[in-house]
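Each reported figure results from applying straightforward, stated rules to the coordinates on display, with no laboratory input. What you are looking at is a predicted structure, and each value in this text was computed from that prediction instead of being measured. Here the Cβ positions follow ideal geometry from the backbone for every residue, glycine too, while neighbour counts run over all protein chains shown.
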């Protein structure tokens, strides 16, 4: 009993497992990873908060409590949770419909969204419903992320150009930018464009250069991760030196100094009703992103993650964020990879990162006053452009036109109609395409390969058939979407072969027969009976057979069930010679 | 070229086929069937129009043009289209939200609904999208029809009791009846209850009685079909003799005499936006009912129907109805069976029925003035109670709990929340349950049955395995809903077996690999490669293999593809002896 309880608790609190063996070596690795990730996270967190339409400091707050809660409840050892680009964009889209940016209502809605999303994720985890996230097909996610990346980049152009613009779709954003292009602030451009160029270069060119200068690869790696901080520092310094804020260059401004505030979500039914759809979409998109990162990293060390426990970990992170001034978060790809590469061995690395960010929010915020928003926009643009990848279009085009259609529709809908409609259309299309594919299963009339006990498609092989026996193989599980098609095809085949007295349905690839398909089989049996044709089955799998036995199908079946197709043919031929069926009157 | 064109036209106009061989014998059969169906349709059409909240004559109009258009475009030789109970109820639910019964707006909305539904059906037919109707599982339809029958019966009780009542759900109807029960009109009850009793008896008891009286079975059958008309005639006579309309008994009242009027649907975008969802639901429910009736009857004569052409036939019928004072129609079960049993040989029987109804609307309508609404309500109640069948609950309970859940939810939602929500929940649940079922496919570690080339589940059979080789069989097509699960399971299995150097995925039941699953296979390959484990496939089906060859999966595959599992095991064992893999450093 006691061990059972302990196991149950350990399953829900993965921290109990890894903390037991925590030692000095692990501490060292975790600490180093934490320092690197903290440096990387500061500008990113500020930038994503602005993308979400929130005060910059909320990006930092959204990283502190969530990281700690994920360390307690999550199963991935390297996943770094916090604000990410796509979820920030979705937050802006969801909350932007309800309140004006900069108002307390907007902030409350974002906090409430984090709480709802967290509660939904925890509920999914407790009810073990993580499989719901699988209803997003990979190509649809790829298309959605690409389109989101483009929208995010477009939304940041206004900060680089210093013009006002708004909109949640590419069309709205471009139109709005175009309209206000005359108000361009050239000093902002002179900050933003070089900042973006420098950040691009830091990504690719800094590390090789440092190594060429004779630094060790490890140190070069750490310094190149800190590169963006240098860009932030330099542009901030320039803005301070020349008082650029007085020349129309927007800076971050006053950021409150101190611990994350204690906040609470709203429980207004109206607000919940308006946000519920967005909360579900954000949760699922966030979870899918996060779990795929976690799995990639875990697999590299033959570790495992538990998707249902991951839901609880991410859910607790979001709930924690809602009570400490945050907004919806998830496991980010870039920061998790950095964390992993830097040697994070346990989730304690996340906790140390949280301490680093806490110190930053206590002591560093005054330094952010002159940080130009154009620099943060450049940070975002450089980060999200790496998400944009149209190769999925080419890949799906060669592999599967149906998947291509789903991806194209998702990309176009996301760009043209917004993230929420885009992802909804993507999911709906994935499901419809799957149902369509399985709704017309491959069916083949089969005959005996001479001299063997094998039965193959008459169209592809030279085989022997019997004009009184129609043997049909169906290559799909039978369920409601294809039950009627099965009936149609069998009636057509029988109608075209007036000599047929026996039909054998060969089911080696039928993994399931649902109630609809069972009724179709009964209907086929009854209608064939009316035509004096017997209906047989062959090669039914064990679990399918077990289920069929629970119905009274076999009581009515006019024919028999055979273990192999060859047994079926032999037995039916023998029986037809012994007692031929009477010719039907009709 | 010319024959090609003729075939294409003949496919779209089935009338060209059957009219060619039309002779005197066929004419006789069709004529007799038409007389019987006409007699049966008159009270039914009036009753269903009232159920839809429309003037009684619209029920007759809705039968005339639609029947003729279906005869031209439809493929079933016995299907009788016209107003049916469930579609009338759904029309009332859809239009009732937009306008008050008895107003011109209400009638226009119903006409527009018929046009939209017709246009949608024709579009589905032209784009060959009939498969969409298959997304309704049989148990969900059964549950929906049962629940609809109960709601319809409840909605007619007010006419039998002579009290005002309203509502679109069972709860609303019962509450409304209860509230107004004090206003009960006992004279109406004295008409309605005996009428209902008589109709029930006519259904079961009249034909045996007539035969016992010495009538031939054929004549007895025709006369018992006319039984409901006798009930209508007798109650109308009583109402006229005693001027019951002055004693609070509601009668049909003045019905315009003449040809069906020329009407036109509205093209107001607002109205279309409000009706589009209902039009889609009505179309699909109507089509599913109709096509299953048509298939049942066609199969009895080894005839065939073409579902895509059926969509066009039903669509044209509805469009025709919209221009001639009708409302949404579909193929009815009861009337089609009567038509078939009466010997209808071609769709011309339908055309003759239309002529009969036309004569009725020209000459018989004055006789309907005193027809009590209670009699029509009794007609409906008797008709719909035959739809109510809870046996699907017992059947699904024993066969499949998932199907049981879907049926119960559909019935409860339809009764409690209305027909539109009910059927939507039913469809969504069918799809979700299917996705859930296939999202966790059966996977088995397999081993060799000693002395054979067969490989079976290690848990069910005494088999031989090799500690370096993990052979896994997956019993499901691989697609987005189970791609991630496949990855998880394989990583788990490999993580639990540190000695493994080769993984073989055995795919005899994999009928499809979509893009998501392909990416998962690539991910599995890459992650196993990082662990120095080779990844092999065996027993891939021809079409799946063809598709995989279009990707570059095989260029990256660390292992090989084998035709049979035994070949795979033999080849890998031989290779491992020749060149064992280096032990991984990690």
### Task
Compute the distance in nm between two label points, each set 7 Å from the Cα along the Cα-to-Cβ direction, one at residue A:456 and one at residue A:497.
1.9
## Note on the structure
FRET efficiency for residue B:467 and residue A:571 from the Cβ-Cβ distance with R0 = 30 Å, rounded to 0.05, comes out at 0.10
### Summary
By Cβ neighbour count within 10 Å, fewest first, B:90, B:443, A:31 rank A:31, B:443, B:90
### Task
Return one number: the angle in degrees, 0 to 90 and rounded to the nearest 10, between the long axis of the Cα atoms of helix B:401-417 and the longest principal axis of the Cα atoms of chain B.
40
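Counting other C-beta atoms within 10 Å, which of B:474, A:86 has the fewest, and how do the rest follow? Mind showing how you got there, number by number?
Working: B:474 22, A:86 26.
Lowest count first: B:474, A:86.
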### Summary
Two pseudo-spin positions, 7 Å from Cα along C-beta at residue A:449 and at residue A:421, lie apart in nanometres by 5.4
### Message
Starting from 0.36 nm per residue, how many nanometres of slack lie between residue B:546 and residue B:180 once their C-alpha separation is accounted for?
### Response
124.8 nm
### Between 0 and 90°, nearest 10: helix A:186-201 axis offset from chain A longest Cα axis
60
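Rounded to the nearest 0.05, what FRET efficiency do residue A:391 and residue B:554 give with R0 = 25 Å and r taken as the Cβ-Cβ distance? Could you check?
On the way: r = 19 Å, r/R0 = 0.75.
Efficiency, from the Cβ-Cβ distance: 0.85.
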### Query
Could you put B:385, B:429, A:69 in order, starting from the residue whose Cβ has the fewest other Cβ atoms within 10 Å?
B:385, B:429, A:69
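Relative contact order of chain B: what whole-number percent is it, with Cα pairs under 8 angstrom and at least 6 residues apart?
Details: 1047 pairs, mean separation 130.1, N = 586.
The value is 22 percent.
Run the helix sum for chain B: -39,500 (n - 2.57) per DSSP H stretch of 4+ residues, divided by residue count, reported at 222 nm to the nearest 500 deg cm²/dmol.
Estimated from H runs of four or more residues: -20500 deg cm²/dmol.
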### Task
Compute the label-point distances linking residue A:184 to its equivalents in the other copies; points lie 7 Å from Cα along Cα→Cβ; give nm, one decimal, shortest first.
8.3
### Query
How would you rank B:201-211, B:525-535, highest first, on the average number of other Cβ atoms within 10 Å across their residues?
B:525-535, B:201-211
### Those residues of region B:424-466 whose amide nitrogen sits under 19 Å from the label point placed on residue B:563, 7 Å along Cα→Cβ
B:453-455
### Tilt relative to chain B, helix B:2-12 - C-alpha long axis, 0 to 90 degrees, to 10
70
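Averaged over B:468-478, how many beta carbons belonging to a partner chain fall within 10 Å of each residue's beta carbon? Mind dumping the intermediate values first?
On the way: counts 0, 0, 0, 0, 0, 0, 1, 7, 4, 9, 0.
The shielding value for this peptide is 2.
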### Query
What whole number of Å gives the distance from the Cα centroid of region B:278-321 to the Cα centroid of region B:423-497?
40
### Summary
The simple spin-label model distance between residue A:128 and residue A:257, using points 7 Å out along Cα→Cβ, in nm, is 5.3
### Query
Where in region B:86-102 does the amide nitrogen come within less than 14 Å of the point 7 Å from the Cα of residue B:274, taken along Cα to Cβ?
B:92-102
### Query
Over all residues in A:124-130, what is the mean tally of Cβ atoms on other chains that come within 10 Å of each residue's Cβ?
1
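Considering every residue in A:505-517, what mean count of other chain Cβ atoms within 10 Å of its Cβ is obtained? Please list the in-between numbers first.
On the way: counts 0, 0, 0, 2, 8, 2, 11, 8, 2, 13, 15, 12, 2.
What the average comes to for A:505-517 is 6.
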## Note on the structure
For region A:26-406, shape from the Cα gyration tensor axes a ≥ b ≥ c, cut at a/c of 1.5 then a/b versus b/c, turns out rounded
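Assign one of three labels to region A:1-97, namely rounded, prolate or oblate, based on the Cα gyration tensor with a ≥ b ≥ c the square roots of its eigenvalues; rounded applies when a/c is under 1.5, prolate when it is not and a/b is larger than b/c, and oblate otherwise. Don't skip to the end; give the middle numbers.
On the way: a/c = 3.96, a/b = 1.67, b/c = 2.37.
Oblate.
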### Query
Gap in Å between the Cα centre of region B:78-128 and the Cα centre of region A:39-81?
53
### Task
Let me know the shape class of region B:480-586, please: from the alpha-carbon gyration tensor, a ≥ b ≥ c as square roots of the eigenvalues, rounded when a/c is under 1.5, otherwise prolate if a/b is greater than b/c, or oblate.
oblate
### Message
Measuring nothing but label to label, 7 Å from Cα along Cα→Cβ, what are residue B:334's distances to the other copies in nm, shortest first?
### Response
6.9
